[in-house]
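These notes are about the structure you will find just below.
The values are calculated or read from the model by the stated rules, or taken from the named source; none is laboratory data. Since the structure is predicted, the reported quantities are computational estimates derived from the model, not experimental observations. Reconstructed Cβ throughout: ideal geometry from the backbone, glycine too, with neighbour counts over all protein chains shown. Heads up: the accessible areas ignore ligands, DNA and RNA and are worked out on the full protein's heavy atoms, side chains in. Shrake-Rupley method; radii C 1.70, N 1.55, O 1.52, S 1.80 Å.
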Amino acid sequence: MNNLYEALEVCLREIERGASIEAALLRYPDLADELRPILEASVDAANIAVPLPSETAVQRNRAKVLQRAAQMREAKAKSSQRTWFVSLRRLVVTVVVLLVLSVSGTGLVRASSATVPGDNLYPVKRTWEDMLVAFTFNLQQRDALEVEHENERLQELQELFAEGRSAKVDFNGSIKSQNGNLWIVSNISVMISDQTELRGQGISVGSAVRVKGTTQGNNNIVLAEQIELLPAGAKLPDTEDEPEIQQEKHEDPVQQFEDSSNSGNGSDGERQTVEETKTPESESENNNESVEDGSNNTNTEWGSDSNLNDSHENESNDNSGSNSEDDSSLNSNDSSGGGSSYESSDGGGRDD
Amino acid sequence: MSSFNERHALDGLQRLESQAISAIYDQYFSEVYRYVRYRINDDRTAEDIASDVFVRLLEAVQKKQGPQSSLKGWLIATASHAVNDHLRRQYRRPEEALSDAIPDGRPSIHSEVDLRDRNRMVQSAYAQLTPEQQHVLDLRFGQGYSLEETAVLLKKNINAVKALQFRALASLQRQIGEVNHE
């Protein structure tokens, strides 16, 4: 078949050069019968070719095209004017909105920056934090910002404790110890009750968790409503991380909690059955510490829990879980410690 | 016409410059008209369609949808679509289409027909071909483009064009035979 197509093309070229159909077919005698009617049709097709258009037709249609171009030019000019006007209007509106936002928006955010849970402007503070995280595209900076916000949550808790306020709280932390119903999560005492919902399997010492609960009046304690196991990589506060000190502290709240329960409303038998859950290292170290220095047992933040124990007299020696080695220098700046230091340093009003 | 610079003219077209538009029109209107007129047996309709092709060019360039490589290829392809559209509309109104395109048949019964009658019969047969067959015959025999030029305009390889033109001519020959027998 390709030979036939090729023979046709060769014959067409011959005819174009002026050869007759029969002369062109001489090259292909075997295909002549098949090609002859095709070549006749090609001559017919060439004969119906039309001449060039008349000059009048060319002029007439040129005018038509140029007229259409003029209309399009006019429309384009109007459109660009309109576009310019719309752009200007958008620019003005944008500038006004930005001005309003920068004046009222940042003022609001600034006012909300010192709020704690329960304050009217607290949601503004949290929303602003979320926005800051969302618009921080550098991963390292974003991680640092998230840790900073988690630190802020602990700071807010300490302020609530200091003011003896009850409020709904929500914070992340690492479980330092689980002494029966009293857990220490990033230096915050968390009370577990029957109503506490535990989300996630294998919540134990060292687990990263999110705690939702309520601060209790003058108790430096959070009543947990929900404790959720956080996935690996979740952002936690970085306030304290000195194992030895934490282990010292693990001992005390339990002791005090037990004292408190015994002297308070709990039954003796019930509280004595509370078991202590600790990591192997902390267990051995705590044993040593308690033998070497019994005084440490009472010199912790938990000692300031007036409702949990009777050791208010120890508040003067109170220090944070993370800074116990530098008691004298850090007591007044304690960021996670007992209530007395906050009572004295943070008695100011709040922006509601 | 040797001074015609296609790139320069297209730039001017983008800005709707009359000079550039006129240069393109003068360069290609005749070819586009002949292409259209070959397929449509009416001078004024062919003129309208040919000028409309240039208006479509203006609009396409404004929308940044104009020719990317060959201006001539774009114009012929657009003309082909415009003719197809026109013929499609015509088929929906057969009473109008028959008036000009179909010969009355009386001359064909004579043993000798003059060239004019013969051409009318060929045009009638040609109108029965598929749009693609009409397109290739128009380019090869109406415009006189070479096989290579036709392949570029059709965006096909040369062997495909050879096969297409063979089938188109064979079909035309068959249609002429049928018209002759009517």
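Annotations for the structure displayed:
- Positions from region B:44-59 whose accessible area shrinks by 50 Å² or more when the full protein complex is built, not the chain alone, probe 1.4 Å: B:GLU47
- Too-long pairs where the Cα-Cα distance tops 26 Å, listed order kept, from A:LYS64/B:LYS156; B:LYS63/B:LYS155; B:LYS63/B:LYS162; A:LYS64/B:LYS72; A:LYS125/A:LYS212; A:LYS76/B:LYS155: A:LYS64/B:LYS156; B:LYS63/B:LYS162; A:LYS76/B:LYS155
- Whole-Å distance, taken between Cα centres, linking region B:1-66 and region A:40-69: 12
- Each chain gives up part of its surface: A and B jointly bury about 3700 Å² of accessible area, both sides summed, for a 1.4 Å probe.
- Annotation: amide H-H contacts under 5 Å for A:SER189 (H modelled 1.01 Å from N, sequence separation of 5 or more, or interchain): A:VAL222.
- With all protein chains kept in place, the per residue accessible area of chain B amounts to 51 square angstrom at a probe of 1.4 angstrom.
- Long-range amide H partners of A:VAL169 with built H, under 5 Å: A:GLY213, A:THR214, A:THR215
- Neighbourhood net charge (14 Å Cβ-Cβ; Lys/Arg +1, Asp/Glu -1) for B:PRO67: +3
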